[in-house]
Every structure is written in structure tokens, then in C-alpha cells.
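Everything below concerns the one structure shown next.
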Amino acid sequence: MPEYVFNRQECRLHYPAVMGILNLTPDSFSDGGAFLDPSLAIERALAMVEEGAQVIDVGGESTRPGSKGVSEQDELSRVLPVLEKLPRGGFMISIDTTKPAVARAALQAGAHMINDVSGGNPELLELAKRYGAGFVLMHAQGSPEDMQDDPAYDDALSEIRAFFDQQKEGLTNLSLPRVWIDPGIGFGKTLEHNLELMGNLSALRDDAWGTLLGSSRKSWIDGLCDAPDPRDRMGGSIASAVCALSHGVEIIRAHDVRETVQALKVAKELALCDKTSII
């Protein structure tokens, strides 16, 4: 990946980049409550950078299936004490939010990009343009509270590709430093939908954007491997990260940063030895 200017700072991401997940929530599906103390959250962020994360994704509202939203003030009170004390330089900061006020405060505190699971909120896109921020545009069917009730598509891959294509011209006109699209694994998808998307990630690639995959520790792994505890899904998460690498995905969002970075490095080196590989 080339060098971009995010929020007035020169930043370089090296392919493939791992985005470390920092949930500042009491109810996230995997590590809810673990990093509510800002000092523990900062310690965890720096540990993930040491492990090889190039981006830290900071979130103050759970979007697990069945979750209910929190107030703007609650979300701000969770993320700002961490964002204001994170060191600058050496890694990028992403704010995982659907609220314009939270995104604005995070960008003012030094965040480089917005991770929007709501599918392209126009106010968030305008903020990204104003602050020179990167943008992650994710597909979701429904809201976190009801998205897994009965997800249905006639053709999941074609419909999700069409969703992104419909926004291509608008995204291009914003002239953002970089846009990444995320197919939204687990956001209004059955196991079969998730597997179809992960097996065809190359079909979502386009000159207008990069791609990001967030499949880490999600319940699709339980559906395949009988692993009800998210902490027991590392193997499946890493397998999906290597799959993403083979499809040219630029950013892999992960809980288990050290192991994911190691797996991707080995997979990339092995691919260089295999003249038939597309990595």
C-alpha cells in the first residue's frame, strides 16, 4: 500500500496490515469489560502495536448481534480518555462509531480514520472529507439489534457488490486519502452467506477502494467448529486472515494480533516461494 496523508499526517501502511481491536465496552461479544479502565486500554493498544498492529480500532459501542445502542455521551466518555492519551506516531488510530459527534471528537483527538458499520452515513463521510481521514465502509443488513433475526439475499455476493458500486462515484468525488470496503461478516449474514463472501473476496476488489475483513472470533467459526466461547476461535480467525491475504485484502481486523501477524508473514513468504500463488 502506498503512503497516504491522513488527518494531516503522513502514514504508511504495509500490506497486509493488521488492525488491532480495542473494545472499550462492557458488552462486546469477545472481550467486553476487559478494557473499561483507560490505563488498561492504553496498555493493550501499545501491546498490540508491539505485536505488529499497524492500526488500532477504538470502539465505545458494541455492535454484536442483539446489542442495543448507547448514548452519544456514554460513547464519548469511553473513547475520549483513551484517544487523548494514546501516543502519536508509529501506528494509525481508527474510530469505530456510527455517531458523527463521536467521530468528530475522535478526529480532533488525532484519529486517522472512521470505521463506519452503518453503511456510509453521509455525515460521517463529510467529516472524513473535512478532516482528511480515511474511511471504512461496511455492508450490513439491518441493525445490530435485529440483523441476525432472518438475514436473506437472492444473491449475497452480487447484492453486496452492488451496494458498494452504488456508492463508488460519491466516494470518488470526496477525494478521501483512502477508502476501504468491508463486506460485514456476521452483520446480517448466515453462515452460508459469510462463507460465500470470504471465498469470493477478490470479486469485491476495485481500483476505487481497498478491502478490509473483520471475521475475527465471530460466530461463523462456532458454526463450523463447535466453539461457543469466542476465545476458542483463534484458529478459525487466523485461517480466515490467511484466506483474506490470498484475495488481496489490505487490512485484517483481529483480536489475536501477534498470532495473526505471524501467520500472515509466514503465508506471504511461502507464497513468494510458490510461483503459482496470487498473493
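The values are calculated or read from the model by the stated rules, or taken from the named source; none is laboratory data. From a predicted model like this one, the values you see are computed outputs, not experimental measurements. So basically every Cβ, Gly included, is an ideal-geometry build from the backbone, and we count neighbours across all protein chains shown. Areas reflect the complete protein model, heavy atoms only, side chains present, ligands, DNA and RNA absent. Shrake-Rupley method; radii C 1.70, N 1.55, O 1.52, S 1.80 Å.
With all protein chains present, calculate the accessible area of Arg78 using a 1.4 Å probe and round the result to the nearest 10 Å².
Arg78 has an accessible surface of roughly 60 Å² with all protein chains in place.
For region 108-160, compute the orientation-averaged projected area of the C-alpha convex hull (one quarter of its surface), in nm². Let's see the in-between values first.
Values: hull surface 19.1 nm².
Over all viewing directions, region 108-160 projects a mean Cα-hull area of 4.8 nm².
Counting pairs of alpha carbon atoms under 8 Å apart in space and at least six apart in sequence, what relative contact order in percent does region 149-279 give?
The normalised contact order for region 149-279 reaches 21 percent.
Treating only the Cβ of Lys, Arg, Asp and Glu as charged (+1, +1, -1, -1), what charge dipole size does region 190-256 show about its Cα centre? Round to the nearest 20 debye.
Dipole size: approximately 160 debye.
In whole percent, how big is the carbon plus sulfur part of the accessible area of the chain, probe 1.4 Å, protein atoms only?
Result for the chain: 49 percent of the exposed heavy-atom area is carbon or sulfur.
Stokes-Einstein D for region 120-196 at 25 °C, 0.890 mPa s, Kirkwood Rh over Cα pairs, in µm²/s?
D, rounded to a whole number, is 182 µm²/s.
Please sort 250-261, 213-224, 79-90 by packing, taking for each peptide the average over its residues of neighbouring beta carbons within 10 angstrom, highest first.
250-261, 213-224, 79-90
Shape call for region 147-279 from the C-alpha gyration tensor, a ≥ b ≥ c root eigenvalues: rounded (a/c under 1.5), prolate (a/b greater than b/c) or oblate?
Taking the square roots of the gyration eigenvalues as a ≥ b ≥ c, region 147-279 is oblate.
I need the phi-derived Karplus couplings for region 201-216: 6.51 cos²θ - 1.76 cosθ + 1.60, θ = phi - 60°, integer Hz, Gly and Pro marked x.
These are the phi-based 3J(HN,Hα) values: 4, 4, 6, 9, 6, 7, 5, 7, 7, x, 10, 10, 10, x, 10, 4 Hz.
Within region 103-215, what percent of beta bridges assigned by DSSP are antiparallel, to the nearest 5? Walk me through the numbers on the way to the answer.
Values: 1 of 11 bridges.
Taking every DSSP beta bridge with both residues in region 103-215, the antiparallel ones total about 10 percent.
Considering only DSSP beta bridges with both partners in the chain, what is the antiparallel share in %, to the nearest 5?
Within the chain, antiparallel bridges account for around 15 percent of the total.
How large is the dipole of region 26-145 about the Cα centre if only Lys and Arg carry +1 and Asp and Glu carry -1, each at its Cβ, rounded to the nearest 20 debye?
The dipole magnitude comes to about 320 debye.
Along the positive direction of the dipole of the chain (beta-carbon charges: Lys, Arg +1; Asp, Glu -1; about the Cα centre), which of Leu24, Gln166, Ala128 reaches farthest?
Highest projection toward the positive end goes to Ala128.
Determine the shape class of the chain: with a ≥ b ≥ c the square roots of the Cα gyration tensor eigenvalues, call it rounded for a/c under 1.5, and otherwise prolate if a/b is greater than b/c, oblate otherwise.
rounded
At what distance in angstrom do the alpha carbon centres of region 61-128 and region 179-239 lie from each other?
22
Cβ neighbours within 10 Å, averaged per peptide: list 170-178, 49-57 in order, most packed at the top.
Numbers: 170-178: 14.7, 49-57: 21.4.
With the highest mean Cβ count within 10 Å placed first, the list reads 49-57, 170-178.
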